[in-house]
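For reference, the structure is listed below as structure tokens.
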There are 2 protein chains.
Amino acid sequence: MNQYLKMDEWNIIEEGFSEDNNEISEGIFSIGNGYMGQRANFEEKYSGKSLQGSYMAGIYYPDKTRVGWWKNGYPEYFAKVLNSTNWIGIDFSIDGEVLDIASCEVRDFVRTLNMKEGYLHRSFIAKLPSGKEIKVDTKRFVSIAQKEIGAIRYSITPINFHGTLTISPYLDGDIKNRDSNYDEKFWEEVLKKSEAWQASLVVKTKKLDFHVCSSMRYHITQDNKKVDSKAECIEKDKFVGNIVNINVKENEEIVVCKYVSNVTSRDYKVEELEAIAKEALQKAYEKGFEALLKEQSLAWKEKWKESDIVIDGDVSAQQAIRFNIFQLNQTYTGEDDRLNIGPKGFTGEKYGGSTYWDTEAYCLSFYLSTADPKIARNLLIYRYKQLEKAKENARKLGFTKGALYPMVTMNGEECHNEWEITFEEIHRNGAIAYAIYKYVNYSGDKSYLGEYGLDVLVEISRFWEERVNFSKDKGKYVILGVTGPNEYENNVNNNWYTNRIAAWTLEYTIEVIDYLKRKEGKKYLELVEKLGLKEDEVIKWQDIIKNMYYPTDAKMGVFLQQDGYLDKEQILVKELNPEHLPLNQKWSWDRVLRSCFIKQADVLQGLYFLEDKYDFHTIRRNFEFYEPRTVHESSLSPCVHCILAAKLGEQEKAYEMYLRTARLDLDNYNNDTEDGCHITSMAGTWLSIVEGFGGMRVRNGRLTLNPFIPENWRSFSFKVMFRGTLLKVNIKKDKVIITNESKEIITLVVDGDNYTIEGESEVTI
Amino acid sequence: MNQYLKMDEWNIIEEGFSEDNNEISEGIFSIGNGYMGQRANFEEKYSGKSLQGSYMAGIYYPDKTRVGWWKNGYPEYFAKVLNSTNWIGIDFSIDGEVLDIASCEVRDFVRTLNMKEGYLHRSFIAKLPSGKEIKVDTKRFVSIAQKEIGAIRYSITPINFHGTLTISPYLDGDIKNRDSNYDEKFWEEVLKKSEAWQASLVVKTKKLDFHVCSSMRYHITQDNKKVDSKAECIEKDKFVGNIVNINVKENEEIVVCKYVSNVTSRDYKVEELEAIAKEALQKAYEKGFEALLKEQSLAWKEKWKESDIVIDGDVSAQQAIRFNIFQLNQTYTGEDDRLNIGPKGFTGEKYGGSTYWDTEAYCLSFYLSTADPKIARNLLIYRYKQLEKAKENARKLGFTKGALYPMVTMNGEECHNEWEITFEEIHRNGAIAYAIYKYVNYSGDKSYLGEYGLDVLVEISRFWEERVNFSKDKGKYVILGVTGPNEYENNVNNNWYTNRIAAWTLEYTIEVIDYLKRKEGKKYLELVEKLGLKEDEVIKWQDIIKNMYYPTDAKMGVFLQQDGYLDKEQILVKELNPEHLPLNQKWSWDRVLRSCFIKQADVLQGLYFLEDKYDFHTIRRNFEFYEPRTVHESSLSPCVHCILAAKLGEQEKAYEMYLRTARLDLDNYNNDTEDGCHITSMAGTWLSIVEGFGGMRVRNGRLTLNPFIPENWRSFSFKVMFRGTLLKVNIKKDKVIITNESKEIITLVVDGDNYTIEGESEVTI
């Protein structure tokens, strides 16, 4: 926990510079546009603690696996989110003295992330070792209107001297990943060109041949007049730039506007890259910084219109939820169905890979409710496109049929290598099936089932069919050797969640087959042919559904997380010495594994997904049993507890859980934000408000709400798009106002009663 | 499986050179003397597939850990068996053409390991690319009479040419471990000196500062006359040598005798190393090769006198058992209580570390029965000396008391980093306790208990006390989250073997406490004081013994390997497609874990250790249940099955199991001998004959035998030392002849009857 940021409804603000917090701030103040992203590094040289990080979506590196002991079935590589060309760099020196605030006295330092308009702002006054003082004010953003474009306005004003200011804007492709298994560099130079006032650099990855072309142009004004000095070129290995010397004097502002376009071989042919980058750059350059920023601000206004949550009476909560929404929108825009939502987005390198089950289990709902339905659909199609790879993955592990989606992936191939996760956390397959249900249930888009859905469902069901085995001892189907969502247990037998989501997948697959048979007969027959679907498969699935084993404690009336869970010493989290928390930092792994403590919702995750299949008392009993044993050391845990607590009427508990998720990064709750932000868990915060406090569900094709308001909030409102209707739900202490911002009429359910709202009107409940 | 070696009773013989088999042969033909060891590399340059390997006992390197994902509690380093200065090297070239049999036509190649006299012999005729032919004959050994000394006699004879032969004997310390986590070199140069006909080299490890000094002298004869040519010095980084040019002619034999002494800072002060090495070298040099070899032969004769096993009627079995005994004697001599028995001895680098539970569970018996009792005692004292480190290790994992011995160690610190083994294979603690029992029971040396034994037993018992927990659900003590001896299961609950050996440790500790209280009152009181032993500890231990949970299937009357074992699909090994074997190479780790297949004796290991506590039928039921499910993919598995099968009267099965262990390396049964030989499992082969076919046990202080003879053997005999008596047990088809080769009278039990044998006489049964 480290609360050094100022409270503000629309901005994240850091006042005063602290080297110790710098890497945390670099993550938090990151900017991105779904296509590329940039940590909040300084444009000028900085020799202090820093992770310089520029990332291009979908550009990764298959780094040579590093394991202690090889296990058969491990993938050959572990994909790394690839730190690419540093395009923000502008070095400054004054009479030969380099501006590096690590060696300056710094005052009035303010770093601001303007979330409303989507830019990063930083200002400070630096006293150089020589005593010279300068004032700096810099803004930058990556455009969501023109995704290839990044723009920087860097203002520097001498305070107490005149002299020569040397300005050196550059592109540096000689970048090393912090996250690299063998300390290798991953980039090679392809081409570099430098001229006065502009330069281009093409680098490519040593494997997979991803090419990234960055082009820059810049201009400098002095006292608002364009500077026409000589711009010399500098070139080094994978590095191009300019050097400009200017005579400066007190209080005369120098402004450098640097425009960069970054294009990659993911979108264009290698030989076209330079031309395309230059063309995009030219347009941006002509528009100029202010116009680009205006565009940015308008584009963000649109985003906020669809996704904003307003909390009245709690600035801290307001700031937090906007930060989460902002980061989610910066990370994934849904325009490119080859992309997904990396756990750190563009804010850091940790964890590698882009796609975890987080996407389906936590993030999907956010995009479903706050954006064009095709965005959520693209998230699903991403998995559909990777079905063949998921089948290969299952073969690799020895399965003769079915698909096992990877735990972590960039392109559909598994790229994670811990057996207890890679091989055993197979519940991910269930979440991928569940996402299809969630999407169709929310959007009503049943066409998805025949077009894409059934293929995935059938192959996942086939996997489950082979993965279960019939225990003669129990007379039931069992699933042995798994890791559930709770990663503080490995290689357990009959994890309730896994058994349940497996059986549920079979149920839903059969339901979808029946639906297609009834409603889309022709399509159905095509699919039977294409998938080789046999009657006896379905019969086998029904047998598994009927005879699946679920570990249960009849006395307490709770589902058991896995076989033997009750053999553990039963201690509650509140009985632990707080100095022992977080367990994952304070305890040996051995001790963690043997304890009853749960990292994140496991049985409760299942009850959250399948709540309509369980009665209130069952959910309550399980919640009351598991919540006190859960340490929430996964960022994905509190939201599920918040939603269930809200459902159970445990408003205080719900609010407590909300607080743990909402400011996780802003307050560095788990002491790990310097690795980057917990992007996917941010969707959990949104869920906490909308499904938790708002009680939003979709039942029988209708949006339903069961709202309540946390005690110390005056009101809160959120927006949801539901089947073409944009609704604003405003929850006050004494009433709920629902505004239909679209033209279509909608009927929804609030606290069990139906309400019909005409287009562009509202209802107060 | 790869049978390319010739059968012979006393020699291992390879005829004809095969590059493909070379690394396997390098391991099999290794020579060692407990102090140092050398793979069967060639003295001359060889550019083909080879692992050049010279090892000094106890010299290791704490290599930086390599793991995919760090777990709290992992040790900082993984110790590597350290490949050190190549002291065997002698390069040859003829008129500038290098002798390298990788580029020659080779005929009449014979490599022989003479086990009777303890040396390696190699001869061949090589035709160089130029057509020049030479005959080579070379012998070498490391002396067991003077442990620092290695000697080589290299004879080379031109067949069809005259010309200039260049001879270059050297010491090369610029050695890289094949087993290195980050491809680093571990050695630095300290000193090098070269003169004509001699040279010295001191290198030290980059960490821990182990110094190794190697000194060499050599002489050359031509046609039996000493060569007096000029010897030039050559020096390179960590390399010293000489170059001598000689005019040679057809059929005139040149002989190089190279003597080396290797001394280390483990035994001497760094500043003395060079002088001590030179002094030892001088003596050896003065003796000369033939005299040294004579000494070697006599010393081996003594070893064989104590440990030989003679099999009549089965050359293959005879060769195999002698090979195993030879390698065990080469690996560990018991003179240095800081050393232990590395799993690969001096034959390769794999696995790192020197000490596994193999020592206590498999090797101890061999040394107990074939050597001075102080050798077995030293193996025990090794652990006693590391007790404080074992306590630290337990603290590191979060235990407040007790000792957990490391899974793999060089100096008492854990240096293995797989959580499922390092943290969970805690049964090793039980084997270390059991070894104390075994030693005392065999040797009758009860003084060990008060002197060393109780300290270790109490601390291990304290560990078990804290490691169990009381399951309210079961009303019993359970041990959760362990890996049993069967490493094809991880993180299981209530592994029967672990629970049993834990409870047994507590039983035996209490027994020893009672014994000391009764018999060594003063010592006992000192120990109570020293160990802080409390009455209530013993009471708690008794409660655990009484209420320990043992998974059992009542219907079948078998102990269950762990909770849930019967939920697995029950298939027998014989039902598997043989192409799927070995599972650890053919199946994904996931599939291995979920299967019912067992890598090595687990429940049966417990029944082997504690056989006197179980009736015949219980052992039979368990054997019949587990053996058909066991794939024996650990080299430590077949011996236990052989011994139990023999006990159960299953002679065919016992012989089948013996065959799997005896020629494991000679026939490269598991396709992994190129990594080096399975040294510790060789003790299992010895056990198979002595405890299996011989049925040897010690009960009530008496040696007891229940011998049988495999059908296709005519007779076999083994030697055992028992409490000062050397016995030869000769088992023939129709009788057993036991010869007492000592002067003391002994009474022993054969097939249930007592026999008394006077000194230096025999009895026929």
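The values are calculated or read from the model by the stated rules, or taken from the named source; none is laboratory data. Here the structure is a predicted model, which means the values were calculated and not measured. As a convention, Cβ positions derive from the backbone with ideal geometry for all residues, glycine included, and neighbour counts pool all protein chains shown. Heavy atoms of the whole protein, side chains included, go into the accessibility calculation; ligands, DNA and RNA do not. Shrake-Rupley method; radii C 1.70, N 1.55, O 1.52, S 1.80 Å.
Just a few scattered comments:
- Extents of the range A:122-180, largest first, come to 39, 32, 19 Å (Cα atoms, principal axes, whole angstrom).
- Taking 18 Å as the straight-line reach from the Cα of residue B:653, the lysines in range (excluding those fewer than 8 positions away in the same chain) are B:574, B:599.
- At least 20 Å² accessible surface lost relative to isolated chain, residues of the range B:54-72 (1.4 Å probe): B:66, B:67, B:68, B:69, B:71, B:72
- D (Stokes-Einstein, µm²/s), Kirkwood Cα radius, the range B:1-45, 0.890 mPa s at 25 °C: 208
- Helix B:521-531 and the longest principal axis of the Cα set of chain B meet at an angle near 80°.
- Using a probe of 1.4 Å on the protein chains alone, the accessible area found for residue B:87 is around 10 Å².
- Pairs of Cα atoms farther than 48 Å apart, the protein assembly as shown, %: 49
- Here the range B:308-386 and the range B:431-468 have alpha carbon centers that stand 21 Å from each other.
- Occluded residues from the range B:528-569, i.e. those whose accessible area drops by 50 Å² or more once the chain is not alone (1.4 Å probe): B:567
- Other copies of residue B:13: label-to-label distances in nm, shortest first, labels 7 Å along the beta-carbon direction: 9.2
- In the structure shown, the pairs B:127/B:147; A:225/A:249; B:49/B:287; B:301/B:728 are assessed against 25 Å; a Cα-Cα span above that value is assigned to B:127/B:147; B:49/B:287.
- Size-normalised alpha-carbon gyration radius of chain A, reference 2.2 N^0.38 Å: 0.99
- In the range B:574-682, trypsin sites (Lys or Arg not before Pro) in a DSSP loop with at most 11 other beta-carbon atoms within 10 Å: none
- On Cα atoms only, tilt of A:651-662 relative to the major axis of chain A in degrees: 40
- Pairs from A:80/B:64; B:385/B:438; A:80/B:344 whose Cα-Cα separation, in the structure shown, is over 27 Å: A:80/B:344
- All alpha carbon pair distances within the range A:634-760 were sorted into 10 Å bins beginning at 0; the resulting P(r) in whole percents reads 13, 40, 31, 14, 2.
- The range A:83-123 versus the range A:717-765: alpha-carbon centroid distance in Å: 45
- Take each peptide in B:345-351, B:216-222, count the other Cβ atoms within 10 Å of every residue, and average; sorted highest first, the result is B:345-351, B:216-222.
- For the set B:278, B:344, solvent exposure ranked by accessible area (probe 1.4 Å, protein chains only) runs largest to smallest as B:278, B:344.
- Accessible surface of residue B:723 - all protein chains present, 1.4 Å probe, nearest 10 Å²: 110
- Above-threshold pairs, the threshold being 19 Å between Cα atoms, out of A:586/B:389; A:45/A:139; B:391/B:523; B:135/B:236; A:613/B:474; A:586/B:71: A:586/B:389; B:391/B:523; B:135/B:236; A:613/B:474
- Measuring with a 1.4 angstrom probe and ignoring ligands and nucleic acids, residue A:99 comes out at about 0 Å² accessible.
- Shielded residues, the range B:400-435 - accessible-area loss of 50 Å² or more between chain alone and all protein chains, probe 1.4 Å: B:418, B:419
- Expressed as a whole percent, the accessible surface of chain A that belongs to carbon and sulfur atoms is 46, based on a 1.4 Å probe.
- Within the straight-line cut-off of under 16 Å between alpha carbons, the lysines reachable from residue B:238 are B:176, B:185, B:192, B:193, B:204, B:206, sequence neighbours fewer than 8 places apart in one chain being disregarded.
- Restricting the trypsin sites (Lys or Arg not before Pro) of the range B:463-536 to loop positions (DSSP other than H, G, I, E, B) with no more than 12 neighbouring Cβ atoms within 10 Å leaves B:472, B:534.
- Calculated label separations, residue A:392, copies of the chain, 7 Å along the beta-carbon direction, nm: 4.8
- Per the rotation superposing chains A and B, the chain A residue found at the smallest beta carbon distance from the axis is A:491, 2, distance in Å.
- For residue B:702, the point set 7 Å out from Cα toward Cβ sits 9.1 nm from its twins in the other copies, listed from shortest up.
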